[in-house]
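Below is one structure, written out as structure tokens; the observations come after it.
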Amino acid sequence: MGKRIGMEVSLMVSEAVKLADVDVIAAYPITPQTHIVEHLSELVADGHLNAEYICVESEHSAMSACAGSSAAGARTYTATSSQGLQLMSELLYVVSAMRMPIVMTVVNRTLSAPLSIWNDQSDIMANRDCGWIMIFAENGQESFDQTLCAFRIAEDRRVLLPVAVNMDGFILSHVIEPYQTVEEEIVEKFLPPFDPLYTLHPDRPVTMGAFAMPELFAETKMAHEIAIRDSYAVIREVWDHWGELTGRRYEPVEEYMTEGADTVFVTIGSYGELGMDVVDRLRAAGKKVGLVKIRLFRPFPYRDILNSLTKFENLLIVDRALSVGGVGGPLASEIKTALYRLEKRPNVFSFIAGLSGRDVPPEKFIEMYEEAMEGLKKNQWDEFTMVGVRQ
Amino acid sequence: MIDKYAVFVPNLTNRAENFTSGHRACQGCAEALAVRHVLKALGHDIVISNATGCMEIVSSPLPLTAWNVPWIHVTFENAGAVASGVAAGLKVLMRKGKIPEKRIVSVGMGGDGATTDIGLQALSGALERMHKDFLYVCFDNEAYMNTGIQRSSSTPYGAATTTSPAGKDSIGQHTWKKNMAAIAVAHDIPYVATACSSYPFDLQAKVIKAVESGGPAYLHVLSVCPTGWRIPSHLAIKYGRLAVETGVFPLYEVQDGKYRMTADIPKLRPVRDYLSGQGRFRHLTDTDIDIIQKRVTKEYDKLISLHKSNNG
Ligand SMILES: Cc1ncc(C[n+]2csc(CCOP(=O)(O)OP(=O)(O)O)c2C)c(N)n1
Ligand code: SF4
Ligand SMILES: [Mg+2]
């Protein structure tokens, strides 16, 4: 096992990219992603990472250059946040449909306007249908682990899809956390060299990115859908292998203190850590409360979600994004969809908390719990609640 | 003499057709012809990154392709950036010994819309980064033809398009054609040239020079579009020559910053010869044509003086 040291999470992610021995990085700086790309630039400049770092002039070009290098057969990485992800949006759909195994860290940040550099998940949620595999890390170590796992998942011949590893901006990216290093020999065992199916090379000319008429388009979409759905098994396989090698095991959906619980918080991303703390407190006060953490968002793990959530009476789903004028919280909305066909459905309380980095201390979770219990008594509650908002 | 020349020269050009027949370009399309010549000159060891537009659409209906060389299309405004990624990918894979060393030219290509408007930023980034073995070719048919002849910043003054129609209060396009070659030159790259498929040997020679310069290099190729210019389909070559002979589209190259005129035109023909017969200009009055003549003469004289001072 490697050493355990303290490190800023952004640097852990860069170290993971270095360990993956990427060939090409094309990125454009944006807060709070900057520390990742700055550190990668340094690694390349100092000769610690043998990669081409393309200083593109925008995120649109970042993802476009990633498309070119990935198609040429290079292991390719980028990172972005917020407006940068939105500027890439057009390309996100293209590279996934073209089955390019690009790995991207999305350091989640709110979308303008008003301009705000702080954290929420409105950036990735605005792009949730772009056909990428989407993983949400809960803490620093996991941000590191998932980055390495992402390359292995993306490049697996049974998958060949881009992977976005999400980590909450500042809350994770800018804090120093304990970090267990991983030896290069372990990475070598875990992550084989990228062996693409087709590449752009004159020795074997191929045409990539042809257009489709209506007679073929739906079939290509269906193929994409099946590919991402089937990636689920590979993702589990990869996480299991990583668990064997490092002792750190990951599941698409994870439970904490759910024994005997009638009510659970459902979280995604770094709220998982906070949720555990809150559950400890509520349990100490004798409440039958647990926590369910969603790690895999695409492919959406319907079966795991049903297996877990149907055991409880009340779900308190905490989103970090708002679908304005629509369904409220995106995570809550998808979970409700998953529950629809059940005969007996748990009560769903949807909370939107922490928009643009608004502090969410444990007390806020406890307020959510109390509000839900109050609602249950009256048998009446809103479709969703914006936590702590002044009106 | 001319006859001998005409028989001999084609034998010297690459016989391989890497942009093959069977594509769906309109009859008489000189943009498709320009692509064909460029590919002949480029040879085998290239990768093409093509922007959305006529040439992409006519050549790549799934599951068919007209391309005998590696080719990728991603979106409309990013050919410069995709070609950058290809160049960087090939370079690092060779450096790391993952693919054999050999010179492969990364070629970005797009129409005037993809180049002078929506893709200008991505192209500027690519030229500024000084990628080696990198060439970008703009096939300029002076409008967004693929979407139905809308104006671009490369549409000439006075041309009627579907978004710059001529009318009681409109001359058609009311701005002057953007000087894209000058913008490329401003990036201080080793080679920039203008060309036209009506001058195929000049075009091919420039492609070869562009590649030999090491890159990045930029070629701006006037590509006559009978459909959009509203001319009979058999006159594309003639109108390309008229564009050059009237000075409307001068042929020149800029090697390491030095301008050189490349077509021998002892005396320019009047622009009227070029404008008349094109449906897109048919509403122009004598006064309009005078304005255009003045502008063309002025711009041409500028180039001539650059040529003279650089080759004095
Ligand atoms: C972002 C975006 N905006 C608009 C379009 C629509 N569009 C596709 S091709 C095209 C025009 C292409 O013009 P040009 O680059 O001059 O090439 P041509 O077809 O004339 O050869 C337009 C406007 C698009 N595909 N993507
Ligand atoms: S519209 Fe013009 S450029 Fe496009 S294929 Fe037809 S002739 Fe060629
Ligand atoms: Mg055009």
Excluding exposed DSSP-loop GluC sites (Glu not before Pro) (at most 16 other C-beta within 10 Å), longest clean stretch of chain A: A:1-182
Of the candidates A:Met386, A:Ala72, A:Val103, the farthest towards the positive dipole end of chain A (Lys/Arg Cβ +1, Asp/Glu Cβ -1, centred on the Cα centre) is A:Met386
Nothing charged except the Cβ atoms of Lys and Arg (+1) and of Asp and Glu (-1): what's the magnitude of the dipole of the protein assembly as shown about its Cα centre? Round to the nearest 20 debye. 2280 debye
Pop the C-beta distance of A:Lys287 and A:Asp382 into the FRET formula with R0 = 22 Å and round what comes out to the nearest 0.05. 0.50
Test of understanding: in a Gaussian network model of chain B with alpha carbons linked when under 10 Å, which of B:Met109, B:Met94, B:Met55 would top the mean-square fluctuation ranking? B:Met94
Top positive-direction residue, dipole computed over the protein assembly as shown with Cβ charges, set A:Gly131, A:Tyr340, B:Leu203: B:Leu203
Quick check for me: using +1 on Lys/Arg Cβ and -1 on Asp/Glu Cβ, what's the dipole size of region A:1-58 about its Cα centre, in debye to the nearest 20? 320 debye
Which loop-located trypsin sites (Lys or Arg not before Pro) does region A:77-167 contain, where loop means any DSSP state but H, G, I, E or B and the Cβ has at most 13 other Cβ atoms within 10 Å? A:Arg157, A:Arg158
With the 8 Å Cα cutoff and a minimum separation of six or more residues, region A:4-246 has a relative contact order in percent of 23 percent
Over 50 Å [Cα-Cα, the protein assembly as shown], rounded percent: 25 percent
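Please figure out what share of the DSSP beta bridges in region B:2-310 is antiparallel and state it in percent, rounded to the nearest 5.
In region B:2-310, approximately 30 percent of DSSP beta bridges are antiparallel ones.
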On alpha-carbon atoms, Rg over Rh for region A:255-386 using Kirkwood Rh? 0.92
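Just to verify a number: FRET efficiency for A:Ala212 and A:Glu363, C-beta to C-beta distance, R0 = 56 Å, to 0.05? The partial results should precede the final answer.
Details: r = 53 Å, r/R0 = 0.95.
Using R0 = 56 Å, I get an efficiency of 0.60.
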Quick one: Cα centre-to-centre distance for region B:11-35 and region A:24-55, in angstrom? 42 Å
Computed E for A:Asp262/A:Lys221 - FRET, C-beta separation, R0 56 angstrom, nearest 0.05: 0.85
Give me the inter-chain shielding for A:205-218: mean count of other chain Cβ atoms within 10 Å, whole number please. 6
Across the residues of A:87-94, average count of Cβ atoms on other protein chains within 10 Å? 2
When ranked by the protection proxy of mean other Cβ atoms within 10 Å per residue, highest first, what sequence do the peptides B:232-240, B:193-201 form? B:193-201, B:232-240
Using the Cα centre of region B:228-282 as the reference point, and only Cβ charges (+1 on K/R, -1 on D/E), how large is the resulting charge dipole? Debye, rounded to the nearest 20. 300 debye
Which whole number in µm²/s is D for region B:2-310 by Stokes-Einstein, with the Kirkwood Rh taken over Cα pairs at 25 °C and 0.890 mPa s? 125 µm²/s
Looking only at region B:100-116, which residues have a backbone nitrogen under 16 Å from a spot 7 Å from the Cα of B:Thr175 in the C-beta direction? B:112-116
Considering only DSSP beta bridges with both partners in the protein assembly as shown, what is the antiparallel share in %, to the nearest 5? 25 percent
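Give the residue list of trypsin sites (Lys or Arg not before Pro) in region A:246-305 that are DSSP loop and have at most 13 other beta-carbon atoms within 10 angstrom.
Sparse-neighbourhood loop trypsin sites (Lys or Arg not before Pro): A:Arg249.
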If you average the alpha carbon positions of region A:71-129 and of region A:190-247, how far apart do those two centres end up, in angstrom? 18 Å
Please go through region A:288-345 and write out the chymotrypsin sites (Phe, Trp or Tyr not before Pro) that DSSP classes as loop and that have at most 10 other C-beta atoms within 10 Å. A:Tyr340
Note down the nm distance, to one decimal, between modelled labels 7 Å out along Cα→Cβ at A:Val389 and at B:Ser21. 6.5 nm
In nm, give the distance between the simple-model label positions of B:Asp264 and B:Ile208, each being 7 Å from the Cα along the Cα-to-Cβ direction. 1.8 nm
Convex hull volume per residue for region B:1-153, taking Cα atoms only, in Å³: 144 Å³
Put +1 on the Cβ of each Lys and Arg and -1 on the Cβ of each Asp and Glu in chain A; which of A:Gly243, A:Leu197, A:His48 then has its Cα farthest toward the positive end of the dipole? A:Gly243
Two decimals is fine: what is log10 I(q)/I(0) at q = 0.08, 0.09 Å⁻¹ for chain A, from a Debye sum with one equal scatterer on every Cα and no solvent? -0.41, -0.52
Roughly how many whole Å is it from the C-alpha centroid of region B:245-312 to that of region B:162-215? 13 Å
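Each value in this text was obtained by applying a stated rule to the coordinates, not by laboratory testing. Model, not experiment: these values are computed from the prediction. In this analysis, Cβ positions are derived from the backbone assuming ideal geometry, glycine residues included, and neighbour counts consider all displayed protein chains.
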